[in-house]
Amino acid sequence: MSDRISSVLTEHRQFPPSTDARKGAHISGAAALKRLKAKADADPVAFWEGAARALHWQAPWKQALQWKVPQAKWFVGGRLNAAENCLDRHLQTPRANKAALIWEGEPGETRTLTYRQLHRDVSRFANVLLGLGVKKGDVVGIYMGMVPEAVVAMLACARIGATHNVVFGGFSADAVAERMNDSGAVVLITQDVAMRRGTTVELKLAADAAAKRCRGLKHLIVFRRGNGTVPMKAGRDHWWHELMEAAPATCPPVGLDAEHPLFILYTSGSTGKPKGILHTTGGYLTQAAWTHKHIFDLRDDDVYFCTADIGWITGHSYIVYGPLANGATVVMYEGAPTYPEPDRFWAMIERHAVTIFYTAPTAIRAFMKSGESWPRRYDLSSLRLLGTVGEPINPEAWMWYHSVIGGGRCPIVDTWWQTETGAIMISPLPGATTTTPGTATQPLPGILADVVHKDGTPCKPNEGGLLVITHPWPSMLRTIFGNDERYRQTYWSEFPKSRTCPGWYFTGDGARKDKKGNIWIIGRVDDVVNVSGHRLGTAEIESALVSHKTVAEAAVVARPDEVKGNALVAFVTLKHGVAPKNLDRLKAELREHVGAEIGHIAKPDEIRFAEALPKTRSGKIMRRLLRELVTGGAVQGDTTTLEDLSVLETLRADED
C-alpha cells in the first residue's frame, strides 16, 4: 500500500491584499514579504535574534541557538522576565493608562484593567505566592474560568519564576489531580464557581476532590466569583481577596534565564496519558510577540478579541503573552458564544468596537448554522481583520466569514500551529499575502517547513504527504515534562537523523503544497483513512459536504469495512431553517455532491443527520468520540472536555 496521502480538494478563488490592508502594514506588499522570507530563511537564527531584540532583556544572550537533536536552547545566557515584558515596560509610556484587558462576564457585567492596574494586581499576587512559600522553579496549578484573575495568576507566576500549569476549567477532578501530580504542583489556584450557559460550574468542589489525590499540594487559593457558601479547609484553603488585601503592591520581576520553564500545558483529548508540553521563556515570548504583532498587523488603537479559553495554548499565546508583550487591548469573554442567544460575539464586537477578531472554524460553522440574521443585526464596521485557529477552515466557511462578518473588506489570517509549536508557524500576512480560502498559505519568515514522503523525499506539487518542520524555531516545546524519551519518540523519531535529514519535527499532520508554495492541511494523520487503497484526509471530505447549500457542519470518520478496508461515515448538521421532506433523497444528493466536488472515491458510505456534534468548549469537534461510536457502538474515552454531554447521548440513542 502506498504511504502517500491523496489530496482531492481544489480551490481557485484568490484575494490579494487590499489597498487599505497594505497601507501602514508592518510588512506591506508581496515583494517586501518575498525579500524578508528569503533573508530570514537563509539565516533563521539571525532573523529570530532580530525579533528577540524587540523584548526587554535584563542581560543579553551569548549564543542565539544551541541545537543537538532534539534538544534546543535559544538565547543562551540571556536573562529576562515575561511579566516585566508584558507589564512593566509599558508603564513609562502612554500605554500605562491604556486598557490591557476588557472583560465581559457571561451575565453581562464588564471590567476594564489598564496596564497600570494589571501591573499592580500581578505584583500583589506575586507577593501572595511568595508569602505562601512559592519559590523560583516551583509549579503552580491554575484551574479557573475565563476571569481576569486567571491572567493575573499566570503573570504573577512568571514574575517570580514559578512555572504555571493551567488546567482547562471544564476538566474533571481526576484530570486536575493527574496534571497536578505529574507536574508536582505545590499550589492550586481556583475559584468558587465559574459561569457557563447561565449556570454555575462548581470548580471549588472539583478542586477539593482533586486535592485529596494530590501528593505535594500545600495550598489552595480560591477566587470568589459567586456568592454562595463554599467549604474551606483550615490551613490549606485561602480566599484570593483576603490574601490580596494584605499583600504589598510592589514586587520586582526576577531576572530569569531564557531557558527557564515558563509553563507546562497538558494536551488533552487522547485516550493515553496526557503529555505535559514544556515551554521556556525567551524563545517562546519572542515568537509569540512577533507573530501577534505581524500576523494581526497590530496597531496601537486596536481592540483585539480572541475567543479562546485560557486553558488552551491559544489563550496562553494570543490572549496573554503575545498581546500584552505588544501593549495591546485584549477583550476577554467568560461564557459560551451562543448565550443567551447566538449573537453574543456580534453584540460584543459592536459594544467594544472590536477591530481584530480571532476564533475557531467550528465556531464559524456553528454561526453559519444559526443563520445570517443574527450578525446582520449588529454594526460590525469596526472590524478590520479576521483570524481563524484550531483546525483547517473549509472554503465555504471562509467565504461566509469573509462576506457576512467581514463585509467583504477584512483580510482573513488562517493560522496553523500547535500546542507544541507554542506560536503560529504558517499564516498569511494581511498586508502582503494573497489568500485562497482553505489554505494557511506559507510558513512565516524564519520557519522552515516542508511536505515530504515517509522516506523524507519532498512531495511534488499537489502531492499529499507529511508536514514537517526542518529547522528549530524559538517557541518550540523543549520536552514532555518528566519524559524526554517520550518527547523524542513522539516528535522526532518519524524521520531518523541522516545526511539528508539532520533532525525533523513531525507535526502529525498530512498536507500538500501547491505550485505556489501554499500549504494545505489535509488533517491529522490519525484522521487519514485508507479507502480502497487510497489514503484520504477526512478534512477535505468534510469541506466538500459543508460546501452544499443545506449543510452547516460535518464530521467524517471511518469504520472497518471488509471490502474497502474502511467505510466513511459522515455526521451532518443542517443549516437553520432547512427541513428536507425526504432525508434519503438528501443523503443521496450529498453523496453525489461530494463525488462531483472531489471524486467518487470520497463519497461517504453512510450519512447520519445530527442536531449537533460533540465539541470541546473551545469549539473543536471530538472526532475520536464519533469514531468510537461508529466502530464499537459505545464511547470509552475521556469526555471531560465536552461542552454538552447531551449531544453525545443523543447520538448514542440514534445509534441504538
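The values are calculated or read from the model by the stated rules, or taken from the named source; none is laboratory data. Note that the structure is predicted; figures quoted are calculated from it, not measured. Backbone-built Cβ (ideal geometry, glycine too); neighbour counts: all protein chains shown.
For Arg13, the conditions (1) basic (Lys, Arg); (2) within 27 Å of the chain's Cα centre (by Cα); (3) within 22 Å of Thr286 (Cα to Cα) all hold with the exception of (3). If I ask for residues that are surrounded by fewer than 19 Cβ atoms within 10 Å (Cβ to Cβ) and within 27 Å of the chain's Cα centre (by Cα), which ones from region 66-87 would you list? Listed by number, the residues that qualify are Trp67, Val69, Gln71. Scanning region 40-52 for residues that are of a type in the set (D, E, K, R) and touching a residue at least 12 places away in the same chain (Cβ under 8 Å) yields Asp41, Glu49. Output yes when any residue across region 230-244 is out of contact with any Asp or Glu (no Cβ under 6 Å at 6 or more places or on another chain), closer than 22 Å to Trp417 by Cα, at pLDDT 95 or above and among the aromatic types (Phe, Trp, Tyr), and no when none is. Checked against the condition, which is being out of contact with any Asp or Glu (no Cβ under 6 Å at 6 or more places or on another chain), closer than 22 Å to Trp417 by Cα, at pLDDT 95 or above and among the aromatic types (Phe, Trp, Tyr), region 230-244 yields no hits at all.
Just the residues that are hydrophobic (A, V, I, L, M, F, W, C), surrounded by 18 or more Cβ atoms within 10 Å (Cβ to Cβ) and modelled with pLDDT of 85 or more, please, taken from region 586-598. Hits for region 586-598 are Leu586, Leu590, Val594. Take the conditions modelled with pLDDT of 95 or more, within 25 Å of the chain's Cα centre (by Cα), of a type in the set (A, V, I, L, M) and surrounded by 20 or more Cβ atoms within 10 Å (Cβ to Cβ) and apply them to Leu118. Does it pass? So Leu118 passes the test. If you check Leu87, Leu101, Leu65, Leu55 for being in contact (Cβ under 8 Å) with a residue 24 or more places away in the chain and farther than 26 Å from Leu278 by Cβ, only one passes: Leu101. Taken over region 155-171, residues that are over 18 Å from Leu205 (Cα atoms) and either over 17 Å from the mean Cα position of the chain (by Cα) or assigned to a loop (DSSP other than H, G, I, E, B) (or both) amount to 10. Remark: His26 falls outside the filter, which requires a residue to be touching a Lys or Arg at 6+ places or on another chain (Cβ under 6 Å) and either assigned by TED's automatic domain parsing to the domain that holds His292 or outside any helix (DSSP H, G or I) (or both). In this structure, His119 does not qualify as touching a strand residue (DSSP E or B) at 6+ places or on another chain (Cβ under 8 Å) and of a type outside the set (A, V, I, L, M).
On inspection, Cys251 qualifies as out of contact with any Phe, Trp or Tyr (no Cβ under 8 Å at 6 or more places or on another chain) and surrounded by 19 or more Cβ atoms within 10 Å (Cβ to Cβ).
The C-beta contact set for region 162-181 (first residue in contact (Cβ under 8 Å) with a residue 24 or more places away in the chain, second residue among the polar types (S, T, N, Q) and assigned to a helix (DSSP H, G or I), distance under 9 angstrom, 6+ apart or interchain) comprises Thr163/Ser183; Asn165/Ser183.
Restricting Ala570, Ala579 to residues that are surrounded by 15 or more Cβ atoms within 10 Å (Cβ to Cβ) and either of a type outside the set (Phe, Trp, Tyr) or in contact with a Pro (Cβ under 7 Å, 6 or more places away or on another chain) (or both) narrows the list to Ala570. Of the residues Ile601, Ile621, Ile607, the single one that is in the same structural domain as Phe571 (by TED's automatic domain parsing), at pLDDT 80 or above and of a type in the set (Val, Ile, Thr) is Ile607.
Rundown of residues vs (1) touching a strand residue (DSSP E or B) at 6+ places or on another chain (Cβ under 8 Å); (2) farther than 30 Å from Val572 by Cα; (3) modelled with pLDDT of 95 or more, yes/no style:
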site	(1), (2), (3)
Val330	yes, yes, yes
Glu334	yes, no, yes
Trp346	no, no, yes
Glu350	no, yes, yes
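Counting only strands (runs of 3 or more DSSP E) that sit wholly inside region 487-562, those with at least 1 residues that are modelled with pLDDT of 85 or more and either surrounded by 21 or more Cβ atoms within 10 Å (Cβ to Cβ) or in contact with a Lys or Arg (Cβ under 8 Å, 6 or more places away or on another chain) (or both) are 505-513, 519-524, 551-561. Selection of region 21-64 for residues being closer than 27 Å to Leu87 by Cα, aliphatic (A, V, I, L, M) and crowded, with 18+ Cβ neighbours inside 10 Å yields Ala25, Ile27, Ala51, Ala52, Leu55, Ala64.
Quickly run through region 460-482 and pick out the residues that are without any contact (Cβ under 8 Å) to a residue 60 or more places away in the chain and either assigned to a helix (DSSP H, G or I) or more than 23 Å from the chain's Cα centre (by Cα) (or both). Within region 460-482, Lys460, Pro461 meet the criteria.
In the set (1) in contact with a Leu (Cβ under 9 Å, 6 or more places away or on another chain); (2) modelled with pLDDT under 95; (3) surrounded by fewer than 16 Cβ atoms within 10 Å (Cβ to Cβ), Arg215 fails one condition alone, (1). Could you tell me whether region 117-125 includes any residue that is within 26 Å of Thr479 (Cβ to Cβ), of a type in the set (Lys, Arg) and touching a residue at least 12 places away in the same chain (Cβ under 8 Å)? Among the residues of region 117-125, not one is within 26 Å of Thr479 (Cβ to Cβ), of a type in the set (Lys, Arg) and touching a residue at least 12 places away in the same chain (Cβ under 8 Å), which makes the answer no.
Against the criterion of being of a type in the set (Val, Ile, Thr) and outside the structural domain of Cys459 (by TED's automatic domain parsing), Val76 qualifies. Among the residues making up region 65-87, those that are in a strand (DSSP E or B) and farther than 25 Å from Val320 by Cα are Leu65, Gln66, Trp67, Lys68, Gln71.
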